[in-house]
Amino acid sequence: MSAATFPLNAWYAAAWDHEVKRALLPRTIANRQLVLYRTTTGEPVALENACWHRLLPLSLGRLVGDEVECGYHGLKFDGQGRCTHMPSQETVNPSACVPAYPVVERHRFVWVWPGDPALADPALVPDLHWNHDPAWAGDGKLIEVACDYRLVVDNLMDLTHETFVHGTSIGNREVAEAPFVTTHGDRTATVTRWMSGIEAPPFWASQIRQAHGYTGPVDRWQIIRFEAPCTVAIDVGVARAGTGAIPSEGHASDRSQGVNGFVLNTITPSTDKTCLYFWAFCRNYLLGEQKITTELREGVTRVFGEDEVILEAQQRAIDAHPGYRFSNLNIDAGSMWARRLIDRQIAAEQRPGAPVIPIRAA
Amino acid sequence: MSAATFPLNAWYAAAWDHEVKRALLPRTIANRQLVLYRTTTGEPVALENACWHRLLPLSLGRLVGDEVECGYHGLKFDGQGRCTHMPSQETVNPSACVPAYPVVERHRFVWVWPGDPALADPALVPDLHWNHDPAWAGDGKLIEVACDYRLVVDNLMDLTHETFVHGTSIGNREVAEAPFVTTHGDRTATVTRWMSGIEAPPFWASQIRQAHGYTGPVDRWQIIRFEAPCTVAIDVGVARAGTGAIPSEGHASDRSQGVNGFVLNTITPSTDKTCLYFWAFCRNYLLGEQKITTELREGVTRVFGEDEVILEAQQRAIDAHPGYRFSNLNIDAGSMWARRLIDRQIAAEQRPGAPVIPIRAA
Amino acid sequence: MSAATFPLNAWYAAAWDHEVKRALLPRTIANRQLVLYRTTTGEPVALENACWHRLLPLSLGRLVGDEVECGYHGLKFDGQGRCTHMPSQETVNPSACVPAYPVVERHRFVWVWPGDPALADPALVPDLHWNHDPAWAGDGKLIEVACDYRLVVDNLMDLTHETFVHGTSIGNREVAEAPFVTTHGDRTATVTRWMSGIEAPPFWASQIRQAHGYTGPVDRWQIIRFEAPCTVAIDVGVARAGTGAIPSEGHASDRSQGVNGFVLNTITPSTDKTCLYFWAFCRNYLLGEQKITTELREGVTRVFGEDEVILEAQQRAIDAHPGYRFSNLNIDAGSMWARRLIDRQIAAEQRPGAPVIPIRAA
């Protein structure tokens, strides 16, 4: 067995809220095959997507009330995974069940906990509140990327790559050359980069012009906050240069002459080499303009498409160089902290004496 | 090496009779790669499909008289697999040969015996005589299914699944709820289910209306006969309710007011996870009507297409859950017997002291 | 680890000269992933196609002057593989580099040496001089074949197969039946076959008619020269029968009444089961007629397409018969010598005490 690439005791986004309906949605999360649906009262349910009897994916069956009926022999399972009906027999084998996973719906995502259900504390859901905060407007997507989710985390923790990968939209030389500061806590790591009095890159030039009619030099910020194991919220924006957006001693940041966005990312490991990348872009300006929401969603889609090419090529290169260890640069300080925090979570679960995670699926 | 999934000392259908012609037909049977053809006098031949010299598939060569000429360097092999010609040399290496397999043509199929040729007794060919009996009319097909052949046997040994998989054609609630009886012999297992005074499902309603102009309630039967390792002949039909089709003490079954079919199935393991599923549907009514033959063949094709989706999904689920053991229900009595008889055949071949099967191919 | 299928201390054709440009060309040679380009002065360069930092293929980056800039974070590498720039830092880690491979351009191919650079003597480049000799005219192609390169060598070392694989173009019975002589040196093996006073096969009949207006019987020759590990130059042609083309005691060969071609082949192992097959056909007649050059190139393309089908089928058959050892015929004398010379080269590299080949890639 190869080394674990992700902790199990964590909330992972399994779907956007609108994806989970009165229908059976199959999805692979953390190497577990799940089927998701909503009950008649709207509660999300996540069950192992394999019938107790002969393993047929339950997602090939039917939703009957709050229960799933297997599409092969008609066994029924309730939202707790208990079998409630077997064909041609009066009594139901009491051991007949499929694993049910803790589920919580928050910040417009449906989260599941593949690890020990006793530890599934909803307070541990990562903070992506901008995604449903009326002071912010935005939209997002789900992309399936054929790489280890940690490569996406690496990518987000160092935005130097914008210069080389996204030169036509958000990248410029200043990002690659500006100094940055890295800090960290027990479950978080933060990379902060301020760029003072620079020319805005095409994306931000367009935003501040639309919001404030401003076209001159800007102060720019990128504050990347990682929350282990796989969530990255990035506070980004530009303001009219010299109006106080960059905090200084004795002065808090004044962003009133600027435009602010949050790039919300949570990258769920699907298998060890594929991930479900949920992202959204939320802004605090021109909230009612759906045209801008659509433009931003499609613009970010193009930018992330550029990353996808890089990330999948990187995964193939890693597979072609077994045993290779990454070399690191100064710019990797943030991703190295993210990796360290992930590794600690994995190690904690595998410590002798740690509770065995009671999951059937391999 | 993983555990054997099928016995080698068995007749396996390799092709429909009409598929074996004056041409080279490659086919994988029981993990052996074969090439099949007919001699000038019409006898079927099965050779290992790999030239003795450099392994090129002989099926890429030419049929010359009763011999195969390799398409690379022109070596020739006769119907016993002996090399009769080598290029640029006068004498033929006497050890040059390819394995030839015992072949027999019966019940409209060409059967091969991958095991010990000394044990290849034609009397052991499974009974599918309805397929060439003038009292019966019908037709069939070959489907390649990406699953262990035993999943197809399981499927056929319990027709409860008709209710859930084939609800629009042959399934109805009565099948899932009707009691059944399981019996078995040394090489056979039989599941018998009688349904008395029920509404005919759409398929049978149409048959009895065409044959007898009858549209009322029916007695229905399903007598599933498994012959190890992989043949299942199912006696099915309906008759006007209460006319004696269901046997009772002192009275043999009287099916004169009914319609009777035989679903003939023989499922040859091609590899451990793929199979060649040969089936036919034969009936004892309206024998001369080719329209009905065609309708039945296409109708059964649709029904078996529904099974194919289930069976391949089940195989993928098994692959995704290594080490998982099936849970069983009452309805699985027939398939459990079939599995037991298959396992006995495999075990007998692997017993210390059992004759080693003299086959080159791995 | 499986046994080596090729030596590393050898020059392998990596590209046609015209393929290597002011652009980044990815190519897999001897299981190494390379990126090829030309410097501003036209020198070919071959680097490992994986950035030192995070393994991204350098071929996804940009050529900037004589250096490659990685497409992810902008590291730059010069033609010796040394890193000359890292983003956001003043100093460059002196250990940062990617392997550079010895390269030489000769006979219209760009050759690389995957083994010990200290041994990369340009004098060892195989002799394919006809490909750029003004006394010869011709053209060729690169084909990617999904087989071990040695199967292509086998194919070329015995032209008996022309009779069976290429019966409509260059094959005829005489090739399969004519005697031949095999000789060998330390790095070469030669198979010579003379056919006296035969009917020309369609291909050669057309050539001698165009060059000499001759349509009668011919003397034909095939002199196959193998140079280890993977180059085969074949001297082929026909001449008016009885005019001295076939050498005899005291008389050198007089080919003045004939047409002569060289089939040039060098078959680079890409992986253990795929190869890059570079070939050209050069002739010494009607040099200025581009129409003939094009016809010959397309004609040979068709002929080699027939081989490709055979070779890939043979590789699949080998994979399906692990552990199988080829049986040999008299006609295999040439390919057996070629295999022996290849095996000696591989063994010499793996002898205890042989220099360890300093290559990172696996």
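A short reminder: the numbers here are calculations on the coordinates, not readings from a lab. Treat the numbers as computed from the prediction; the structure is a model and nothing was measured. Note: ideal-geometry Cβ built from the backbone for every residue, glycine included; neighbour counts use all protein chains shown.
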- Whether region B:127-348 is rounded, prolate or oblate, judged on the alpha carbon gyration tensor where a/c under 1.5 counts as rounded: prolate
- Based on the Cβ-Cβ distance of A:ARG173 and A:SER206, what FRET efficiency does E = 1/(1 + (r/R0)^6) give at R0 = 25 Å, to the nearest 0.05? 0.85
- Note on the structure: Gyration tensor on Cα atoms of region A:235-360, a ≥ b ≥ c root eigenvalues, a/c under 1.5 rounded, else prolate if a/b beats b/c, else oblate, says prolate
- Message: Measuring nothing but label to label, 7 Å from Cα along Cα→Cβ, what are B:PRO322's distances to the other copies in nm, shortest first?
- Response: 1.4, 1.4
- Message: At 7 Å along Cα-to-Cβ for each site, give me the label-to-label distance between C:GLU144 and C:ALA3 in nm.
- Response: 2.8
- Mean ellipticity per residue at 222 nm, deg cm²/dmol - from DSSP H runs of n ≥ 4 across the protein assembly as shown, formula -39500 (n - 2.57): -7000 deg cm²/dmol
- Full extension between A:THR41 and A:ASN328 adds, at 0.36 nm per residue less the Cα distance, a length in nm of 98.3 nm
- Query: How far is A:ILE346 from the same spot in each other copy, in nm, shortest first, if each label point sits 7 Å from Cα toward Cβ?
  - Reply: 3.5, 3.6
- Going by a ≥ b ≥ c, the root eigenvalues of the Cα gyration tensor, does the protein assembly as shown fall in the rounded group (a/c under 1.5), the prolate group (a/b larger than b/c) or the oblate group? oblate
- Query: What list do you get for C:ASP148, B:ASP17 if you sort them by fewest beta carbons within 10 Å?
  - Reply: B:ASP17, C:ASP148
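Quote the charge dipole size of chain A about the Cα centre in Debye, to the nearest 20; the model charges only the Cβ of Lys and Arg (+1) and of Asp and Glu (-1).
340
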- If you put a point 7 Å past Cα along the Cβ direction, how far is that point for A:VAL64 from the same point in each other copy, in nm, smallest first? 6.6, 6.6
- Find the centroid of the Cα atoms in region A:187-258 and in region A:1-43, then give the distance between the two in whole Å. 34
- Task: Averaging sequence separations of C-alpha pairs under 8 Å and six or more residues apart, then dividing by the length of chain A, give the relative contact order as a whole percent.
- Result: 19
- Task: Obtain the nm distance between the two label points defined at B:GLN290 and C:LEU119 by a simple spin-label model: each point lies 7 Å from its Cα along the Cα-to-C-beta direction.
- Result: 7.2
- Query: Modelled label-to-label distance, C:SER196 and A:ASP127, 7 Å Cα→beta-carbon offset: nm?
  - Reply: 9.7
- Which listed pairs, of B:LYS76/B:LYS273; A:LYS21/A:LYS141; C:LYS21/C:LYS76; A:LYS141/A:LYS291, have C-alpha distances above 28 Å, in listed order: B:LYS76/B:LYS273
